Amino acid sequence: MASPLSDSRVLPHSRHVTESVVKPVRFLGFWSAVALPFLHIPLLLTGLDGAPETTAFLALFALNVLALVVGHGHGDH
């Protein structure tokens, strides 16, 4: 008896569903990685004097790295 995962009728549908989810996530990751550095500019211009500014800068930096990782494969075909 064949398992449901090895059934060829299931795989194309699941692959289509996976692609339909992954493509928009990569798209958003890529364009977020492009846009997020512009949010660093006001923080850098006003200075990172206090803990809130430094925390915001580091959080934006971490978010930008995450967006780079998520959006890395966008546009590869």
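The values are calculated or read from the model by the stated rules, or taken from the named source; none is laboratory data. Since this is a predicted model, take the numbers as computed values, not measurements. Here the Cβ is made from the backbone with ideal geometry for all residues, glycine too, and neighbour counts use every protein chain on show.
Kindly provide the set of residues from the range 5-57 that are polar (S, T, N, Q) and modelled with pLDDT of 90 or more, ordered by number.
Selection gives SER32, THR46, THR54, THR55.
Restricting the first residue to the range 22-44 and requiring it to be free of Cβ contacts under 8 Å to residues at least 60 places away in the same chain, which pairs with a second residue that is among the acidic types (Asp, Glu) meet a Cβ separation below 7 Å and a spacing of at least six or different chains?
Once the first residue is free of Cβ contacts under 8 Å to residues at least 60 places away in the same chain and sits in the range 22-44, its partners that are among the acidic types (Asp, Glu) give LEU43/GLU53.
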